[in-house]
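The values are calculated or read from the model by the stated rules, or taken from the named source; none is laboratory data. Model, not experiment: these values are computed from the prediction. Ideal geometry is used to build each Cβ from the backbone, glycine not excepted, and the neighbour counts take in all protein chains shown.
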Amino acid sequence: MATNKSDIAAWMSNANDPLMQDDVASDPECPAEVLIWMAKNVTTSSFYGISSNPSLPLEAIIHLAKTSKDEYEKINLFALPNFDKSAFDILVVDTQSAVREEATRWASPETLEKMSKDKDSWVRRFVAMNELTPRKTLLELANDADADVVSALTSNKNCPKEVWEVVLSNAEFDERQATVIAENITEELIAMAREKFPVKYHHLFLSNMFMPKQWVEEFLKNKEINKIGLVSLMFHRGWFQQEHLPKIIDVKDVDLRARIASLPGLERDIQQILVKDKSAGVRAALARNPIAEPEILMQLLGDKSVTVLEYLKAETYYAEEGGKWVMKNYAGREALVAAASGSAKNLAKISAVTSVTGRSEALLSEVIDEKRYQELLADKSIGIQTSATLRAAELGLITFKEAAAFVSKFAPQTSAPKNKWVEARMESFRSEHNEFFLDLVIELRGDDVLCGIFLDGNLQLSADKLMKIAKAHLANTNWNMARNVELNADLLDEIAETPSWSYDTYGYPEEKLEFGQWAGETSSGYRVASYPQAIAASHPKTRLETLEKLKKSRSKYVRGVIMERSEVFNYDDLKKAVKDKEAYVRILAAKHPLVDLELLEKLANDSDPEVRAAACEHKLATPEMKATAALLKN
């Protein structure tokens, strides 16, 4: 490291340049004298590379530990080579709970014992999970008033038997707590845990390597156990056996039945059940299963789902061999493929059918002229009119926009035939890579099939085509585009105008949520909401004017993300956030770096107890504010 005066002067010159400061602060070659000066004098950003610089001297570490207002900056200090006990003693009593949480990872058993009495339950949870925490302290935490602290004990590998016994005796289990306990319970105590658990949570034991295999049969017979959760875990943990199929084939979750239909070695009687499943997704999964018997699949030749028929016509499929995916030919399906594909004679038969479904599917390949198109528009069936309109658009008789307008005008009567058409044309695009088919899918707003382009990653699209898709503002599609494509400012403008989308899910998938997703409890379970706008709100390439628009997003979550963008979110915005109709936003306002005593006083008088609590936890909160909040509580 350079130490002569001229070099120091050059480093100092760059350190004084706002455009160079971040680079200088994070450079391991930066002299100690300059880093100390920067730690004490540079305040242009709340978080910068100096706190991650491995060359940061102890003097600078101590100064930041004492003066920094940024919890992330202080958290970074723990891992620095020059960090020592003098800095730890400062941070272990920091006013910000997140810093104290991090301190538990570096604490001695003696310090962990003291921290187990921290006023913040999250700190106590981290103490409970720490394998260095003394046994006596763990036993005390087993009686903690916060149920989540008690649950945290169960993920501690050194949790002793007597602590487990207290946890199982005292806990009133909800599903989240039951999941943690079931995953971590010891072999010695798993039987005791089963006795303590409500029956509806017994299936969660499948996540535990010590669960006796005979329990699966017992669970399958018990009608009180959540069957969807049970079957999900059976697949996930590899507990599934062929003999279990008759007992789980009626599971109500479509995705699980489709997974069953995809299994190798399905017995004939099981295939006979699946081929009649009410879900097209399940029937399609059976149709693409290489072991499915062609004679059974012949029953699907009259299926109403285009997707099912496309799989019946397929001659090849992908299979994994030796760690690679290879193309293989279906065995014994020649007659099936011929029947599904149709010779000239078969096509004539299909065209001659009188059912709306048969006539609609015949139109997929029929060449029509203007006269024929007008005849079809006069048909009494809206399904035939829709199919004819879509075919006319493909043949250039009308525009795609006219076809889309027709579908919109007569929705929802046109939804089913439109969806079948979209599925078929998306399959054509995938197989032929002809963007002509993609244009129709975009015009018809085929959100569910379009999003698959970005999920499988096999199709490469031009920048113009990506923009055309983005401009359709399809929620599911644009979400998956944002997660799987390198975004630029133009795409982000469209992402920022895209509405949210959501889906119901079994259980609380907190560990599976991505940025911009939130889960909320409903009367029937949980619903995960995904906000493309949140991605735009956080992305570094989003234009400032777009960020300004997102301040007014209808989503409280998006408004919350914008609050983290210091380049556009200012004190005036914070004053508005203090009055936001959503408590979620007001809580964030109470924790915001720009909040001052005046705004905290308003938040301490908020009608929502969680907002008041957040305000009172702030380091600027006065005894008077806390007293006022306490009176409101009562």
**Item:** Residue within the range 435-456 that is surrounded by fewer than 17 Cβ atoms within 10 Å (Cβ to Cβ), modelled with pLDDT under 70 and more than 24 Å from Arg483 (Cβ to Cβ) present
**Value:** yes
**Message:** Just to confirm my filter: which helices (runs of 4 or more DSSP H) fall fully inside the range 145-258 and include at least 1 residues that are under 28 Å from Met129 (Cβ atoms)?
**Reply:** 147-153, 161-170, 175-184, 190-196, 214-221, 227-237
**Request:** For the range 290-307, indicate whether the set of residues that are among the hydroxyl-bearing types (Ser, Thr, Tyr), more than 29 Å from the chain's Cα centre (by Cα) and not assigned by TED's automatic domain parsing to the domain that holds Thr179 is non-empty.
**Result:** yes
**Prompt:** Within the range 570-616, which residues are small (Gly, Ala, Ser) and either surrounded by 15 or more Cβ atoms within 10 Å (Cβ to Cβ) or closer than 20 Å to Gln96 by Cα (or both)?
**Reply:** Ala577, Ala583, Ala589, Ala590, Ala604, Ala613, Ala614, Ala615
**Request:** Filter the range 525-545 for residues that are basic (Lys, Arg) and more than 12 Å from the chain's Cα centre (by Cα) and give the result.
**Result:** Lys541, Arg543
**Request:** Find the helices (runs of 4 or more DSSP H) located wholly in the range 547-634 whose residues include 2 or more that are at positive phi and aromatic (Phe, Trp, Tyr), and list them.
**Result:** none
**Request:** Quick one: Ala537 ticks every box in (1) surrounded by 22 or more Cβ atoms within 10 Å (Cβ to Cβ); (2) in a loop (DSSP other than H, G, I, E, B) except a single one, so which number is it?
**Result:** (2)
**Asked** Taking the condition over 41 Å from the mean Cα position of the chain (by Cα), modelled with pLDDT under 80, not assigned by TED's automatic domain parsing to the domain that holds Asn289 and not basic (Lys, Arg), does Val367 pass?
**Response** yes
**Request:** Return the total of residues in the range 487-503 being buried (at least 19 other Cβ atoms within 10 Å of the Cβ), closer than 14 Å to Ser530 by Cα and of a type outside the set (A, V, I, L, M, F, W, C).
**Result:** 2
**Request:** Scan the range 290-313 for residues that are buried (at least 21 other Cβ atoms within 10 Å of the Cβ) and within 15 Å of Gly332 (Cβ to Cβ) and jot them down.
**Result:** Ala292, Leu297, Leu312
**Message:** So, in the range 260-272, exactly how many residues are crowded, with 18+ Cβ neighbours inside 10 Å and either assigned by TED's automatic domain parsing to the domain that holds Glu243 or part of a helix (DSSP H, G or I) (or both)?
**Reply:** 4
**Request:** Return yes when Glu548 is in contact (Cβ under 8 Å) with a residue 12 or more places away in the chain and over 23 Å from the mean Cα position of the chain (by Cα) and no when it is not.
**Result:** yes
**Prompt:** Based on what the data block shows, is Leu56 crowded, with 17+ Cβ neighbours inside 10 Å, under 21 Å from Ala107 (Cα atoms), at pLDDT 90 or above and within 38 Å of the chain's Cα centre (by Cα)?
**Reply:** no
**Message:** Scan the range 72-86 and tell me whether some residue there is without any contact (Cβ under 8 Å) to a residue 40 or more places away in the chain, part of a helix (DSSP H, G or I) and more than 25 Å from Glu564 (Cα to Cα).
**Reply:** yes
**Item:** Criterion: aromatic (Phe, Trp, Tyr) and either in the same structural domain as Ile225 (by TED's automatic domain parsing) or modelled with pLDDT of 75 or more (or both) - qualifying residue of Tyr508, Tyr531, Tyr526, Tyr503
**Value:** Tyr531
**Prompt:** Within the range 191-200, can you find the residues that are touching a Phe, Trp or Tyr at 6+ places or on another chain (Cβ under 7 Å) and modelled with pLDDT of 80 or more?
**Reply:** Arg194, Phe197
